[in-house]
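This report refers to the structure that appears directly beneath it.
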There are 2 protein chains.
Amino acid sequence: MRPTIKDVAKLSGVSISTVSRVMNTPDIVSEEKRKRVEEAIRELGYSPNALARGLISKQTHTVGVLIPDISNNYASELVKGLEDAGHQTGISLIICNTDRDPERMVHYLEILKQKQVDGIVFTSEYFSEEYARIAAKHRVPLVLAATHTTAAELPTVKINDEEAGFDAVQYLVKKGHREIGMISGPKDDLVAGLPRYLGYERACRELLGQTDLEERVDYGDFRYEGGYTAMQRLYHRQPDLTAVFCASDEMALGAITFLHERGLRVPDDISILGFDNTKIAKISLPKLTTVAQPIYQIGREAMKKLNRLTAGEELIELTTYLRHRIIERDSVKSI
Amino acid sequence: MRPTIKDVAKLSGVSISTVSRVMNTPDIVSEEKRKRVEEAIRELGYSPNALARGLISKQTHTVGVLIPDISNNYASELVKGLEDAGHQTGISLIICNTDRDPERMVHYLEILKQKQVDGIVFTSEYFSEEYARIAAKHRVPLVLAATHTTAAELPTVKINDEEAGFDAVQYLVKKGHREIGMISGPKDDLVAGLPRYLGYERACRELLGQTDLEERVDYGDFRYEGGYTAMQRLYHRQPDLTAVFCASDEMALGAITFLHERGLRVPDDISILGFDNTKIAKISLPKLTTVAQPIYQIGREAMKKLNRLTAGEELIELTTYLRHRIIERDSVKSI
DNA sequence: GTGAAAGCGCTAACAA
DNA sequence: TTGTTAGCGCTTTCAC
């Protein structure tokens, strides 16, 4: 059996209250007893039982993280940001990989409730009405990271995807491009799909006076293969595009592979702009020019926001927008 | 306040023991009371407090995962395997990103002890004497995943890196290569550095009768930049190599980039063999031929092993070796 | 400054 | 089958 507070009390010849005081408010304990207790703690290798503590204090210093797919580059960088910020404030993370499965999601919410987490960070996936309903019942502080929702008024940390889409096109326009296509995420993806597309559309309209964009846009699922086939379709319809804005780095690489196989060179024959600035953007050939999300920072800020929430502080702003920026590498050229 | 077992008892007009029984051993409760209790639970939205349960049962259904860098591709895939297996058996994961910082590591071990985790999975990094000493004091079940140690007799799940190194060279030999270089990890890396190098060395000796290999080997830190500069040095010393075996996919990509910049084409002018089969291997240009570690499976098996351990079962084998295999893509050609 | 005692929410004897 | 009670390890009054 592991030593308990009783064992420490016995060994040092004081009451358990005094031991407790040494751990929580050492200043109010006489120096002599404090030393004796500290010595006993060391000797026994005692550590307090966080379950017992949590049972009383109603705090577990643990938060749940709901994430669609931890193995994905982008998600794991976000988790790292959460973890680093958590570590600094003494918060542990319980990772829940939902696989985008609502049932699994609901199950995790129940587990987290039972484990008495101090809060929950929900990431990446659109926060549906169903989730909002369940979460409301649980009355646990909740922060959205790198996603958003219209189903409730929830604290959120993210970039402004519509603006990012706009800026991406603006960048290409500045580089002299006028025939700009897009490989978008699904339009029913309210997080990284539709908003980026809308930004693209607005930029084409406001900057180039172009309106009928449908033929210049194709769709993928943010993955490599999706980018490949989208580029294939797009190229057959619109062989004269000089640049394509892709809603993810992976799709950008898929597009590049297709073009490469067709004998077209990036960026000499056609420019490709990615999105996310994942690790692969730095190590691909050519290196990807891309719209960077400060994803690690989003993680950090989300955790800080959650901390404020659990501390009962007033939030300065409900939604925090972090700045995206364009990282210039080798996949876009001036024309 | 959240409803407790008392509230349920009161509402359904039974004792708290009966409520407890409904949750744990429903069969021994009369149908009538069971129904009443279940109804009350639903009405109140009651869930049991896992802290209180854990305090008595001495089980938290939570395990700690110590990981050097969660944002890394390889690590997050491993975590996914752990998480999936954990989810199936009702185990939650507390993720601890150690940043390879011994202090942080020691701190996490203390936290996990306090939180009364049922076990710990230690991943990727070599398990040092110091860690072994601390862990031994904590008396918590511990499994190593994708790493090993000579500091203690610990349950382990991994591939056989020496054999994998051997097989990599053997594969290249079968493809007709005789002038084979290597970009190895650091030799003092006892996990993914030295063993793979030793496999390479043995294969060169046994298969090709070559012994003086020093000039043909260079070293990197498993990262892209490390692969780039290692290839640079290697190429200047040994321009006649027909194939280079890299101890990680990232280093392989770094090497390819260097060669590309020198005007050499992979695989036409020189073949490159990677290691890990990370996501980037599938989406690089050319697609990487690589030694695949079943990293997701390693995660799953490690969690299963830990479950057996905490259940007090006898382990069939201390170290479980999972099979590596070579994934043929486009970066190696026959000569 | 210190100790005794109550109690956090639950499970597990023990009686009935 | 059910209820009463002790107690898991700790914090926090409340006296002294």
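Quick note: the coordinates plus some simple rules give every number you see, no bench work behind them. The structure displayed is predicted, hence computed values, not measured ones. So basically every Cβ, Gly included, is an ideal-geometry build from the backbone, and we count neighbours across all protein chains shown.
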Tell me, how many Å apart are the Cα centres for the range A:266-282 and for the range A:129-155? 34 Å
Cα extents of the range A:161-292 per principal axis, largest first, Å, are 33, 29, 24
Averaged across the residues of B:55-61, what count of C-beta atoms belonging to other chains lies within 10 Å of each residue's C-beta? 2
Tell me which of B:Ser57, A:Ile70, A:Pro102 sits at the most positive position along the dipole axis of the protein assembly as shown, charges placed on C-beta atoms (Lys, Arg +1; Asp, Glu -1). B:Ser57
Using just the alpha carbons, could you tell me how many Å³ per residue the convex hull of chain B encloses? 165 Å³
Within a 10 angstrom radius of each residue's Cβ in B:86-98, how many Cβ atoms of other chains show up on average? Whole number is fine. 5
10 Å-binned pair-distance histogram of the range A:68-152 (Cα, whole percent): 16, 53, 30, 1
Over 27 Å (Cα to Cα) - which of B:Lys137/B:Lys158; A:Lys137/B:Lys10; B:Lys137/B:Lys187 fall in this group: B:Lys137/B:Lys187
Charged-residue dipole, Cβ positions (Lys, Arg, Asp, Glu), the range B:1-141 about Cα centre, Debye nearest 20: 820 debye
Principal-axis tilt of helix B:295-310 within chain B, Cα atoms, nearest 10 degrees: 40 degrees
The range A:104-200 - Debye-derived log10 I(q)/I(0), Cα point model, q = 0.12, 0.13, 0.18 Å⁻¹: -0.49, -0.55, -0.83
Overall dimensions of the range A:32-82 as given by Cα atoms, namely Rg and Dmax in Å: 18.8, 54
Antiparallel content of DSSP bridges confined to the protein assembly as shown, in %, to 5: 10 percent
Can you give the mean number of other chain Cβ atoms that lie within 10 Å of the Cβ atoms in peptide A:110-121? 4
Beyond 11 Å, what share of the Cα-Cα pairs of the range B:248-297 remains, rounded to the nearest whole percent? 65 percent
Share, in percent, of DSSP beta bridges within chain B that are antiparallel, nearest 5: 10 percent
Applied in sequence order to the range A:61-70, the curve 6.51 cos²θ - 1.76 cosθ + 1.60 (Karplus, θ = phi - 60°) yields integer Hz couplings, x standing for Gly and Pro, of 6, 9, 10, x, 10, 9, 9, x, 8, 5
Given R₀ = 41 Å, what would the calculated FRET efficiency be for A:Lys10 paired with B:Lys10, taking r from the Cβ atoms and rounding to 0.05? 0.60
Taking R0 as 51 Å, what's the FRET efficiency between B:Glu328 and A:Glu43 from their Cβ-Cβ distance, rounded to 0.05? 0.30
Could you check the spin-label model distance between B:Lys282 and A:Thr319? Points 7 Å from the Cα along Cα→Cβ, value in nm. 3.3 nm
In a Debye calculation with equal point scatterers on the alpha-carbon sites of the range B:238-335 and no solvent, what is log10 I(q)/I(0) at q = 0.18 Å⁻¹? -0.78
Given 4 °C, 1.567 mPa s and a Kirkwood radius over Cα pairs, the Stokes-Einstein diffusion coefficient of the protein assembly as shown in µm²/s is 47 µm²/s
B:Leu142's amide H: which non-local residues (gap 5+, or another chain) put their own amide H closer than 5 Å, with H modeled 1.01 Å from N in plane and none for Pro or chain starts? B:Ile120
Note the angle between two axes, namely the Cα long axis of helix B:102-114 and the longest principal axis of the Cα atoms of chain B, as a number of degrees from 0 to 90, rounded to the nearest 10. 20 degrees
Any idea what Rg and Dmax come out to for the range B:192-265 if you just take the C-alpha atoms, in Å? 12.2, 34
Between copies, how far does the label point of B:Glu225 sit from its twins, in nm, shortest first, when each point is 7 Å from Cα along Cα→Cβ? 3.5
Percentage relative contact order, chain A, counting C-alpha pairs under 8 Å, at least six apart: 16 percent
In whole angstrom, the spacing between the Cα centers of the range A:39-85 and the range B:176-230 equals 39 Å
Magnitude of the Cβ-charge dipole (Lys and Arg +1, Asp and Glu -1) of chain A about the Cα centre, nearest 20 debye, reported as 1280 debye
Cα atoms only, the range A:5-57: Rg and Dmax in Å? 10.6, 30
Angle check, please: helix B:249-261 long axis (alpha carbons) against the longest principal axis of chain B (alpha carbons), in degrees 0 to 90, nearest 10. 30 degrees
Could you pull the copy-to-copy label distances for A:Leu208, with points set 7 Å along Cα to Cβ, in nm to one decimal and sorted shortest first? 5.1
Rotational relation A to B, axis-closest Cβ in chain A, residue and distance rounded to whole Å: A:Ser76, 2
Ascending list, in nanometres, of distances separating the A:Pro3 label from those of the other copies (7 Å, Cα toward Cβ): 4.3
Where the only charges are on Cβ atoms (+1 Lys, Arg; -1 Asp, Glu), what is the dipole of the range A:161-292 about its Cα centre, to the nearest 20 debye? 420 debye
